[in-house]
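Reading through the structure tokens given below for one structure.
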Amino acid sequence: MKKRLFLIMVLLLSGLLLGVQPTTAQGASRRVLIVYDALNPTVAGQQKLAGLQQLLASTGVATQTEKLSDYYAGQLTTKKYSGVVTLVNWPQGNLHNAAFTRDRQAFSGQKLHIGQQLSRAEARQLHAVRHNVYHQQLTVTAGDQRQLLPFSEDITLLRLKKGARHFGQLQPQNQGIGRYPYGTVVGHAGYLPYFESSGFSQVLAGQTIAQLFGRVQRQRPLLTVTGVTPYSNLTRLTKLASKLNAAGIPFAVSTTSVADNTSLRAFSRFTKALRVVENNQGVIFLQVPIVGAANRQSGPLLERTMVEELNQLGQRQVIPVGISAPIYWNQDKLFRRHGLARASNVLLLPNPATTTFANQDNRGATYPQTWTGLSLHSLLTVKNGRQIAVNRLKFPVKTALTVSLPTSQKRLTALLKQVTRLDVDWYQPQAQLRAKITSGSATFGYHDGVYYLNGSPVTVGAEATGVPNYHFSQTRHVALDRYFKVQGNILFVFFTITTMVLVVFLFLGRRIYRQMFRR
């Protein structure tokens, strides 16, 4: 009898444990809903939204982005979301959605408000009192570090009570107004009166977001050289790599590549320069191709292009450790599936002026390690006295401080002098980075400074030897080639018929003309 009771208890406990696991997994997979009012170009609204998506992805938060006018009643209460972020880009528009306001008020998850129109109820959740400041230029500070923000016509600041956590301070130009917190977190509620997708503002906003969503970590930044292509000045790239290595500064290079014409000598020179980067303690992020035109049928083409680029680099001992892409790629289903998801390290860089989607779904994914690309130049006005205080910044997420490949010897010298004077404790890929990329039948890896191809260590030498070749077996097809072929056939038939008609008319006209003179 006792044994039977014991077995029953074990089965009940096992059933309870098994019943808990799916709920936990579902809770971990829930997204954060981003709701924005408008993409106001006068305040760089598109860039702010992209910067917010970038920070949340680097924090390890999956997102879904909705326009305020598209929100439907009950969307937040479906238990699909663990948090909600409200981004106000156009307060003058006075845009409202009664269903969203009501659902947000009743929502029990994390809530972050960015920008104007902070309600009285939201201020009460933050244990604060609202205070509007008009026509001021603000300075954001943290300790002894300061950075001047753009002029603000109207901004809502908070006077905090006890129990609030704040990150940085805002000091108006009028000293008599006092100081106010920049980022505020109280329990499951947070507030940022101003957000900019660069500079000191992004660093402090990242600290606020990491605190609110429970992912507080201090990360060392990775120096990353961007703007590298097969057509760049490769001599300048190799010189920069050797100088950084001599100065003891680890770094990464984000570079594009090609899938065609890889047998030319120019591609050999390009990969040889990248091997110099690898041999000087640098790592490579392969940047995704530039999208000119795409649709929902572009997935196989992107798959072939990415696989061919990776394999052509890999057979020449250039082993990328991650994929770099504009932020908007993480908001596209096809770009994520065929481009980003193949890598364990994804570097999100600022969007270009024009963005082209294939299958936009606004569902930002997370990856084992997601890096935020932040321009080093945007931080150089953060000063402690006369010294640039970048080395004292607390980066809450994995951050790649980006610098463009210098376009002249003078700029190369200035960049090296600037970087060495920063005295930053840089991220060490050789000691800290673990990477894996899948590429068709090949798998690239990186661990403890050693490169791997299909699980076997690869020794990077001056010349590409001893590495097996991996070729994609399927035939490449250029997008719209069938369309242009049919169009060419149609034009050929049209001009043929037109020519024949003209010849007939010419013959008849000649006969009529001769008969007229004969009469």
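The values are calculated or read from the model by the stated rules, or taken from the named source; none is laboratory data. Please read these numbers as outputs of a predicted model, since none were measured by experiment. Counting neighbours? That spans all protein chains shown, and the Cβs are built from the backbone with ideal geometry, glycine included.
Does the stretch 228-242 contain at least one residue that is out of contact with any helix residue (DSSP H, G or I) (no Cβ under 9 Å at 6 or more places or on another chain), modelled with pLDDT of 95 or more, charged (D, E, K, R) and crowded, with 17+ Cβ neighbours inside 10 Å?
Looking for residues that are out of contact with any helix residue (DSSP H, G or I) (no Cβ under 9 Å at 6 or more places or on another chain), modelled with pLDDT of 95 or more, charged (D, E, K, R) and crowded, with 17+ Cβ neighbours inside 10 Å, one finds none in the stretch 228-242, hence no.
Residue by residue through the stretch 328-350, note down the ones that are more than 13 Å from Thr372 (Cβ to Cβ), within 11 Å of the chain's Cα centre (by Cα) and polar (S, T, N, Q).
Within the stretch 328-350, just Gln331 meets the criteria.
Restricting attention to the stretch 185-201, report how many residues are surrounded by fewer than 22 Cβ atoms within 10 Å (Cβ to Cβ) and touching a His at 6+ places or on another chain (Cβ under 6 Å).
1
Identify, from the list Thr372, Thr413, the residue that is assigned to a helix (DSSP H, G or I), among the hydroxyl-bearing types (Ser, Thr, Tyr) and modelled with pLDDT of 95 or more.
Residue meeting the stated conditions: Thr413.
If you scan the stretch 167-180, which residues turn out to be farther than 18 Å from Val382 by Cα and crowded, with 20+ Cβ neighbours inside 10 Å?
The one that is farther than 18 Å from Val382 by Cα and crowded, with 20+ Cβ neighbours inside 10 Å: Tyr180.
Show me the helices (runs of 4 or more DSSP H) entirely contained within the stretch 35-140 in which 3 or more residues are within 30 Å of Leu349 (Cβ to Cβ) and touching a residue at least 12 places away in the same chain (Cβ under 8 Å).
45-59
Working only within the stretch 368-423, note down all residues that are among the hydroxyl-bearing types (Ser, Thr, Tyr) and surrounded by fewer than 21 Cβ atoms within 10 Å (Cβ to Cβ).
Selection gives Ser375, Ser378, Thr381, Ser404, Thr407, Ser408, Thr413, Thr420.
Is it the case that Ile290 is assigned to a loop (DSSP other than H, G, I, E, B) and at pLDDT below 95?
yes
Being outside any loop (DSSP other than H, G, I, E, B) and among the basic types (Lys, Arg) is the filter; apply it to the stretch 322-366 and report the residue that is surrounded by the most Cβ atoms within 10 Å (Cβ to Cβ).
Arg336
Quick check on this structure: which one of Ala210, Ala241, Ala252 is touching a Gly at 6+ places or on another chain (Cβ under 8 Å), closer than 28 Å to Leu286 by Cα, assigned to a helix (DSSP H, G or I) and small (Gly, Ala, Ser)?
Ala241
Looking at the stretch 107-122 only, could you name the residues that are more than 16 Å from Val32 (Cα to Cα) and hydrophobic (A, V, I, L, M, F, W, C)?
Selection gives Leu118, Ala121.
Consider Lys272 against the criteria (1) crowded, with 21+ Cβ neighbours inside 10 Å; (2) modelled with pLDDT of 95 or more: it satisfies all of them except one. Which criterion is unmet?
For Lys272, the exception is condition (1).
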